[in-house]
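Asks: Sharing a structure, written as structure tokens. Questions coming.
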Amino acid sequence: ATGFTVIFSSYGFMLEWGPIIWGLIGAALGFAFGLIIDFIKTKGKPFKKGKRQLTEVFVLVQCNEEQVQTVEKVLWEHKALGVGKLGETK
């Protein structure tokens, strides 16, 4: 659409309606042209949603022994993929 807008508005200086109107016409035609290409490219299924990718995040929480169960409970309630705990190190 941007390319069509630039080309049509450039030629609009020489045409009767002026560059603004021809730029808007070019934007509409460029948008339609892009949709047609996308429609052909996706074989008739426009706006096809792709596979959802999950992002993994590693969270390290340092807490007291009394807080361990509460932290684990909160993580599981928020759909953690896994929860583990380390022993005390000295």
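Asks: Select from the range 8-28 the residues that are in a helix (DSSP H, G or I) and exposed (fewer than 15 other Cβ atoms within 10 Å of the Cβ) and list them in ascending order.
Replies: Looking only at the range 8-28, we keep the residues that are in a helix (DSSP H, G or I), and these are 8-12, 19-28.
Residues satisfying the conditions are Ser10, Tyr11, Ile20, Ile21, Ala28.
Asks: Quick check on the range 56-68. Is at least one of its residues part of a loop (DSSP other than H, G, I, E, B), surrounded by fewer than 13 Cβ atoms within 10 Å (Cβ to Cβ), modelled with pLDDT of 85 or more and under 27 Å from the mean Cα position of the chain (by Cα)?
Replies: Looking through the range 56-68, at least one residue is part of a loop (DSSP other than H, G, I, E, B), surrounded by fewer than 13 Cβ atoms within 10 Å (Cβ to Cβ), modelled with pLDDT of 85 or more and under 27 Å from the mean Cα position of the chain (by Cα).
Asks: Just to be sure, is Glu77 loosely packed, with under 11 Cβ neighbours inside 10 Å, out of contact with any Asp or Glu (no Cβ under 9 Å at 6 or more places or on another chain) and modelled with pLDDT of 90 or more? Break it down into steps so the answer makes sense when it comes.
Replies: Working: loosely packed, with under 11 Cβ neighbours inside 10 Å: yes; out of contact with any Asp or Glu (no Cβ under 9 Å at 6 or more places or on another chain): yes; modelled with pLDDT of 90 or more: yes.
So Glu77 fits the description; yes.
The values are calculated or read from the model by the stated rules, or taken from the named source; none is laboratory data. Source: prediction; values computed, not measured. So basically every Cβ, Gly included, is an ideal-geometry build from the backbone, and we count neighbours across all protein chains shown.
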